[in-house]
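**Q** Dropping the structure in here first, questions after.
Bear in mind that the values in this text are calculations on the coordinates, not laboratory data. This one's a predicted model, so the numbers in the text were calculated from it and none came from an experiment. Cβ: placed from backbone, ideal geometry, glycine included. Neighbour counts: every protein chain shown.
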Amino acid sequence: MKKAINTKPLQKRLAFKMKLNPGQKAIYKKRHDELWPDLKKLLKDSGISEYSIFLDEETSILFAFQKVSGKGGSQDLANNDIVKKWWDFMADIMEVNPDNSPVSIPLEEVFHMA
């Protein structure tokens, strides 16, 4: 019997948090529901197969989770013009750095059940 070869690329899980300005949930959701096709393609082509963002409405903290194959996640695309344009588009509704990138704090995985 031949052994099956796993051809699926190794994936890692990344998580980080960001902060939404108070009262901006609806517009944040709308903008992501209408995510630009070229940005979505860039993320997928960069190895991001899953990307979820959750909101804690009590604190306005956004929790982001990504499954990534390759070297890095969305936070590693800072030099891409599409990403810079998206940051500019989102800067009015969330906490950002001077270059309009979201203030993003990586989170350490301390438990995973497979």
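**Q** Quote to one decimal, in nm, the extra length available between ASN100 and PHE54 on full extension: 0.36 nm per residue of separation minus the C-alpha distance between them.
**A** Value of the extension gain: 14.5 nm.
**Q** Pairs of alpha-carbon atoms within less than 8 angstrom and 6+ residues apart define the contacts here; what relative contact order does the range 12-106 have, in percent?
**A** The value is 40 percent.
**Q** For the chain, what does -39500 (n - 2.57) per DSSP helix run (n ≥ 4), summed and divided by total residues, give at 222 nm, in deg cm²/dmol to the nearest 500?
**A** Using -39500 (n - 2.57) per qualifying helix, the result is -7000 deg cm²/dmol.
**Q** A further question on this structure: Filter the chain for me: DSSP H helices, axial length by Cα at least 15 angstrom, mean Kyte-Doolittle hydropathy not below 1.0. List them by residue number.
**A** Helices meeting the criterion: none.
**Q** Give me HIS32, HIS112 ranked fewest to most by other Cβ atoms within 10 Å of their Cβ, as a rough exposure proxy.
**A** Taking fewest neighbouring Cβ atoms as first place, the list is HIS112, HIS32.
**Q** Can you pick out the pairs among LYS30/LYS67; LYS12/LYS85; LYS30/LYS85; LYS12/LYS44; LYS41/LYS67; LYS40/LYS67 whose Cα atoms lie more than 21 Å from each other?
**A** Going by Cα-Cα distance, LYS30/LYS67; LYS12/LYS85 fall outside the 21 Å limit.
**Q** Identify which of the listed values of percent of Cα pairs over 26 Å apart was calculated from the structure shown: (1) 23; (2) 72; (3) 17.
**A** Comparing each candidate, only (1) matches the computed number.
**Q** Over all Cα pairs of the range 49-114, how is the pair count split among 10 Å bins, expressed in % and running from 0 up to the last occupied bin?
**A** The calculated distribution, bin by bin, is 16, 49, 29, 6.
**Q** Among the trypsin sites (Lys or Arg not before Pro) within the range 31-114, which fall in a DSSP loop and have no more than 10 other Cβ atoms within 10 Å of their own Cβ?
**A** When the trypsin sites (Lys or Arg not before Pro) of the range 31-114 are filtered for loop state and at most 10 Cβ neighbours within 10 Å, LYS71 remain.
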